[in-house]
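The structure under discussion appears below in the form of structure tokens.
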Amino acid sequence: MDLLIENARVWDDRRPVDIAVSDGRIAAIGPGLGGESARRIDAAGRAVLPGFVEPHLHIDKALLYRRQPTRDGTLEEAIRLTAKLKAEQDREDVLERSRAVLDMAVRAGTVAVRVHPDVDPLQGLVGVETALLLRDEYRDLIDIQVVAFPQEGIVKAPGTLELMAEAMRMGASVVGGCPYNESGWDDTERHIAHVFDLADRFDAPVDMHADFADDCRDPRFSAARYIAEQAIKRGQRSRVSLGHVTSLASFSPEEAAPTIDLLREADIHIVTLPATDLYLGGRRDARNQRRGLTPVHLLRDSGVNVTFSSNNVRNAFTPFGKADPLLIGNLLAHAAQFGTPHSQAEVLRMATHDAARSIGIGDSYGLAVGRSADLVVFDCQRVDEVLLDLPVRRWVVKRGRVTVETRHECVINRSGAR
Ligand SMILES: [Zn+2]
């Protein structure tokens, strides 16, 4: 045995168990396992979850906020300001900022991430090339999937499609899309066709930014239903993710039903990005400002897989964040009203099992025998307190190796204080 974690609180209603790890996989889970092990950790009844999964993170344009102060706080402004900086992206600078964000993710207990570097004639392939380099560099810490993401549009930005194909040849494994950033619905339709054609050519899954607006009046921001139809038609069931999808919230449940039925039929994964959506959404509402989130409860209650992610970290799209899924989960719990014990547990599920399924790693994931030994030991005693305490990640384990150890001691001096 390579690692034995003793007294781990995996279930709140049962006694703590031991987790035995061999060859990077969970070999056994149960009380009092004992036996010889190269390393032992006494979790002392601390809560344990499978490692977090971030299905949607931009590392190439993270930590740019000081260089691009915003005024309006709108999506259009964020795209415009970031485009200026992208035109002069320096490879070493991209690497340095990307590493800083990946280190944040590793410290937070994230074991797999899907990164969405921009691919366009402005910054070329520097985002993809550096992400692929970091995929190797970080392979013992975190699994990285790389998306070829056309933030500036495909039809609108000639040359982008060729760059996306080159990105896939270089080793990107997911075809991205941004169908709302085109000049009209016809071009949005062409954009979506290009994305599915490329996915077909490289036998790759699809992950698009879609329907990112306060309402559905403009068809470019109401494409989810069409995308779901295309996913079914092109044999991409379960292999398509859509980020944002905020405009769906402007429909009544009855109006949304046909779209949601198709999303479920196509088994499309919806990734809500609350830190960005709350910040950029509803900017033109003079009163009763909209929250800008996709209808998470309605979608989940209808059987659609919904997960969440950090998206951007400290730039014009999102001035906050530290690539910590627990922070985003806590924010989502407030904003989307996940308050009951049952729904708080759902939030943790979204950051773990549901996120893993969305990026296609569900079969090797989770705290079960035979699954990859990717887990987090939190500095709290109950699983149902993880979302509330935002506890220190005491140990993080990736493929059976302890990758993070955190020691914090906070003492309250209860008497004699002046
Ligand atoms: Zn994004």
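The values are calculated or read from the model by the stated rules, or taken from the named source; none is laboratory data. Source: prediction; values computed, not measured. Because the Cβ atoms are built from the backbone with ideal geometry, glycine has one as well, and the counts that use them run over all protein chains shown. Calculation scope for accessible area: heavy atoms of the full protein, side chains included, ligands and nucleic acids excluded. Shrake-Rupley method; radii C 1.70, N 1.55, O 1.52, S 1.80 Å.
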Somewhere in the stretch 155-163, is a residue within 16 Å of the ligand (Cβ to nearest atom), in the same structural domain as ASP211 (by TED's automatic domain parsing) and open to solvent by less than 40 Å² (accessible area, probe 1.4 Å)?
-> no
Starting from the stretch 179-208, keep only residues that are farther than 18 Å from ALA157 by Cβ, then list their pairs with residues that are aromatic (Phe, Trp, Tyr) and crowded, with 20+ Cβ neighbours inside 10 Å whose Cβ atoms are within a distance under 7 Å, requiring at least 6 positions of separation or different chains.
-> VAL206/PHE196
Exactly one of (1) more than 16 Å from the ligand (Cβ to nearest atom); (2) open to solvent by 30 Å² or more (accessible area, probe 1.4 Å); (3) part of a loop (DSSP other than H, G, I, E, B); (4) touching a residue at least 24 places away in the same chain (Cβ under 8 Å) is unmet by GLY282. Its number?
-> (2)
Quick check: anything in the stretch 385-392 open to solvent by less than 20 Å² (accessible area, probe 1.4 Å), touching a Lys or Arg at 6+ places or on another chain (Cβ under 7 Å) and over 26 Å from ILE268 (Cβ atoms)?
-> no
Those residues that are open to solvent by 10 Å² or more (accessible area, probe 1.4 Å), part of a loop (DSSP other than H, G, I, E, B) and either out of contact with any Lys or Arg (no Cβ under 7 Å at 6 or more places or on another chain) or within 16 Å of the ligand (Cβ to nearest atom) (or both), I need them from the stretch 206-235; list them, please.
-> PHE212, ALA213, ASP215, CYS216, ARG217, ASP218, SER222, ARG234, GLY235
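Here's the yes/no breakdown for (1) open to solvent by less than 10 Å² (accessible area, probe 1.4 Å); (2) within 16 Å of the ligand (Cβ to nearest atom); (3) at positive phi; (4) touching a helix residue (DSSP H, G or I) at 6+ places or on another chain (Cβ under 6 Å):
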residue	(1), (2), (3), (4)
SER238	no, no, yes, no
SER252	no, no, no, no
ARG264	no, no, no, no
LEU273	yes, yes, no, no
ASP277	yes, yes, no, yes
PRO295	no, no, no, yes
ASN311	yes, yes, yes, yes
GLY339	no, no, no, no
Does VAL245 qualify as being within 16 Å of the ligand (Cβ to nearest atom), crowded, with 18+ Cβ neighbours inside 10 Å, on the phi > 0 side of the Ramachandran plot and of a type in the set (A, V, I, L, M)?
-> yes
Is it the case that some residue within the stretch 41-59 is in contact with an Asp or Glu (Cβ under 7 Å, 6 or more places away or on another chain), over 22 Å from GLN381 (Cα atoms) and either assigned by TED's automatic domain parsing to the domain that holds LEU132 or not in a loop (DSSP other than H, G, I, E, B) (or both)?
-> no
